[in-house]
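The values are calculated or read from the model by the stated rules, or taken from the named source; none is laboratory data. Quick caveat: nothing in here was measured; it's all calculated off a predicted structure. In this analysis, Cβ positions are derived from the backbone assuming ideal geometry, glycine residues included, and neighbour counts consider all displayed protein chains. Heads up: the accessible areas ignore ligands, DNA and RNA and are worked out on the full protein's heavy atoms, side chains in. Shrake-Rupley method; radii C 1.70, N 1.55, O 1.52, S 1.80 Å.
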Amino acid sequence: MDGHQPVMEYPGYAPSEFSPGENRESISLSRLLNIVRRHFRLVLGLAFVGTLAGGALAYREPSSFRALATVRLANERRAMTGETRDGPTALGRTADPLLTVIQLVRSRAVLGDVVDSLNLRVKSATPGFGPAMLTGLRLSPRAPSDSIALLFRPDGFSAELGGRVQTAAYGGTVEFGSVRFGVATRPRVGQAILSIVPREQAIDGLAGGLQVSQRPGTDVVDIAYVTTDPARAQRIVNMVVESYQSISAMTAKDRSRRRREFLDEQLRQTDSMLNQAQAQLSTFRSRQQLASSQDRLNAEQTALMALESRRAELEADRRTFDTLLRQLSTGSEADRDAALRALATSPAIAENATVGGLYQQLAVYQDRLDSMTTGPFRSSPKNPDVVQLKGMIGSSTKRLVDAARSQVASLDAKIQSLGALRARGASSMSTLPAMAEEEARLSRRVDALANSQNSLRQDYHLARMSEAVEVGDVDVVDLADQPYVPVLKGSALKLGLGFALGLLLGLGGAFLIEATNTSVRRPEDLQLMLPVPGLAVIPRLTASGTSGRPKLGRLLTKGSGNGNGTNEDRPAALKSMNQPFSVGTEAFRMLRTGLAWTDPSQALRTLVVTSAGPGEGKTLTAANLAVTFAYDGLRVLLIDCDVRRPRLHGMFHVPRSPGLMELLETPSDVATPGVGSHSADLDTLGPNEQTAVIRATSIRGLSLLTCGVLPTNSASLLNAARMRHLLHTLQRNYDMIVLDTPPVLATADAGILAAISDGVLLVARAGQTNRGAAQRAYQQLVHAGAHIVGTVLNDPGGEVAHYGDYYYPYDYAAERE
């Protein structure tokens, strides 16, 4: 049957979704590690080969040398000129000056200057002759890419460039416009080819080998270059430092020059604008005839305030006079006296001499009247003197009141005059704020231009100083010396990459082997494929009591079998069964126990032991299983039904014939030696003849029926009717009959015998039995009507243990021994 034939459905069998090579388990880290462990030799081998390949590449690479120069960010220019706005600090607080220096060192301007200075565009395509052997080499930066062919003769050399040929003696020079060079002495080679690469390409090549880095925690920058020529590395590094210094100084100087020119122009414009502003301010003040509009405004405001104060005083005096005059006109004599005294003592009246004189005269009259009308010697009211004095007091009072009224009128005139003055002052003052504002504007403009002029003048002097300084922003700490110790450029990387590549190839190979491996490797594989129980795993059988693990024992190589189909005929293959606590004994005991519990309701008297293909250990399994049944006290008959490749007679050291074929032959078929001239059914044989066909073994209770001689019509002998009759006859004398049949997929014999037996035990070998073959064998047995009681995984090579997730439960027995 083809391995890709569709799975057929049979009664009692549900086809599994498991296909050959398919892994239905989830991928886990432990499973991946187990895969690597199973193929560690492949993984380590390819990793070692990859490491060797990387080492070979690193060894074949020419030695590289690294020249190193050191510079320091000193900002000497700023320290000398006092600049604060030029340089890296102008970029803001987030800019790192050292990173700026590193990027400037790697700039194409610096690298281009190095390429032009060292003529790095010239490359040699001839071993033994390089650009360093040229003298007076001069190459214009605008020179196109081309090649130069040199021919060296005993008396001189010739050079060809662009179709033009020039010759010169050694020590002389040739010139092709943008290219000029010479050769000092005749080199060892007869001819050479020089190529002029594009300038951008040379800059890119230089940038690839240049290393610029900052020393952590310092303001020091390392500049290094790696190449195969130590002298070339030294020249390039030192030239990079010199070019950066030169370009940095020139750039700063040019920046200072442009700044000085700009400031000079700005300063001239500012001076002109300042002169104009000062002239405007002087003209304005002259036109107003005032040194300052603000002073005039202040004076006007003061005068106005004085007028307001004076007017308020006059108005207060007038109100006082009005009140006193009313009291004089309407009040009593006492009120008039009080009013006269208040009027006379008023400051405004005191300033009037007339009023003052009248009041003094009135006071004299009143004193005289009082002296005459009071006291013990007072005069009578009708005394002429008294009457005269009263008349004089009345007349003086009237004149005083008139004088007061005149003073009130004078106050009214003054108040009106002050009001007029105030109105004129307010009118004049209304124009002063605008004048003051204009003057202030002109003054502010003059002050601003003056400040700007001072600032520009200071910056101008700084720019002149900066322009005169010839230093840059970095100091050279150390120039590069010529290196003499090669560096392992990329060696460790090549070794690591080689190892990694080899390791990846090894891992890929291991996973590929696992993915393409369609063999049964674990008991779970059989359980996933076949709907029958897995009864046991048979480990490696040894002739000692040691465990079947590779680290505890080894396969028998002489005088014993390992179940691989090539040495099953070794007589010592059953030696392990003679040791009661060996791994093999415990394995077959577990198999026997599993058979006993597969179907307790059905008696298992005849058992077919078969496999999908040859070399899977079915014969060894049948023999040891029969021995195990015999150890349990059963009468066991082991029949070798593999007529094409019989093995049991060799394992038990008995003759091959007579045997099964002789029992199945008809009396007319053939005469069997040792049995008689005509073989017959087992019932017709006597005890001696039965003993000659069914032989006892050294194991108590175990008998052996060998295959016998292979006749020409063996296919017709192994038919269901004959074998059913024979097995029925043999069951009278034996409790268990174990039949070792050919592989299921090799012949039809296994299907015939399986159909007439009580059960079938299907044997698969770990790491060899194909999953598809096991499925097809199961299908054929089910189709033949066989009752498959379970499967056995034969593991002589320790495949199951390689997976790390399966434990031989009977290792404990081996340790007990």
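Can you run phi through the Karplus equation (6.51, -1.76, 1.60; θ = phi - 60°) for the stretch 251-267 and list ³J(HN,Hα) in whole Hz, with x for Gly and Pro?
Couplings: 5, 5, 5, 5, 5, 5, 5, 4, 5, 4, 5, 5, 5, 4, 5, 5, 5 Hz.
Under a 5 Å amide H to amide H cut-off, with H placed in plane at 1.01 Å, what residues pair with V487 once short-range neighbours are removed?
Amide H to amide H, under 5 Å and 5 or more residues apart or across chains, V487 pairs with S64, F65, R66.
Residue-wise, which Karplus ³J(HN,Hα) couplings in Hz belong to the stretch 639-655, taking 6.51 cos²θ - 1.76 cosθ + 1.60, θ = phi - 60°, and x for glycine or proline?
Using θ = phi - 60°, the values come out as 10, 8, 9, 8, 6, 8, 9, x, 10, 5, 5, x, 5, 9, 6, 10, x Hz.
Report the gain in length on full extension from S698 to L493: 0.36 nm times residue separation, minus Cα-Cα distance, nm rounded to one decimal.
Working: separation 205, 0.36 × 205 = 73.80 nm, distance 6.85 nm.
Residue separation times 0.36 nm, minus the Cα-Cα distance, leaves 67.0 nm.
Explain nothing, just compute: Karplus ³J(HN,Hα) = 6.51 cos²θ - 1.76 cosθ + 1.60, θ = phi - 60°, for every residue of the stretch 438-452 in order, whole Hz, x for Gly and Pro.
4, 5, 5, 4, 5, 5, 4, 4, 5, 5, 4, 5, 5, 5, 4
In the stretch 172-328, carbon and sulfur make up what percent of the accessible area (probe 1.4 Å)? Don't jump to the answer; show the numbers that get you there.
Numbers: 4080 of 8410 Å².
Roughly 48 percent of what the probe reaches on the stretch 172-328 is carbon or sulfur.
For R521, list long-range residues whose amide hydrogen, built 1.01 Å from N in the peptide plane, is under 5 Å from its own amide hydrogen.
Answer set, sorted by chain and number: G767.
Using the heavy atoms of the protein chains alone and a 1.4 angstrom probe, what is the accessible area of the stretch 147-297 per residue in square angstrom? Write down the numbers at each step before the final one.
Working: 7790 Å² over 151 residues.
Per-residue value: 52 Å².
Which residue, L206, V240, N275, has the largest displacement toward the positive end of the dipole of the stretch 194-312 when charges sit on each Cβ (Lys, Arg +1; Asp, Glu -1)?
Towards the positive end, the residue furthest out is N275.
Quick one: net charge of V608's neighbours, Cβ under 11 Å, K/R +1, D/E -1? Intermediate values should be presented prior to the final figure.
Working: positive: K618; negative: D740, D749, D758.
Counting the neighbours of V608, the net charge comes to -2.
Over the stretch 129-279, calculate the relative contact order: mean separation of alpha carbon pairs under 8 Å at least 6 apart, over the residue count, as a percent. Present the calculation step by step, with values, prior to reporting the outcome.
Values: 169 pairs, mean separation 25.6, N = 151.
For the stretch 129-279, the relative contact order is 17 percent.
Run the numbers on the stretch 211-294 and let me know its relative contact order in percent, using alpha-carbon pairs under 8 Å that are six or more apart.
Numbers: 28 pairs, mean separation 9.7, N = 84.
RCO, the stretch 211-294: 12 percent.
Taking H placed 1.01 Å from N in the peptide plane, check which residues at least 5 places from I148 or on another chain put their amide H under 5 Å from its amide H.
Under 5 Å from the amide H of I148: L194, S195, I196.
Let me have the relative contact order for the stretch 199-250, percent, based on Cα pairs under 8 Å that are six or more residues apart. Mind showing how you got there, number by number?
Values: 32 pairs, mean separation 11.2, N = 52.
Answer for the stretch 199-250 is 22 percent.
Can you give the FRET efficiency for R41 and D155, using 1/(1 + (r/R0)^6), R0 = 56 Å, r = Cβ-Cβ distance, to the nearest 0.05? Numbers along the way, then the final one.
Values: r = 68 Å, r/R0 = 1.22.
After rounding, the FRET efficiency stands at 0.25.
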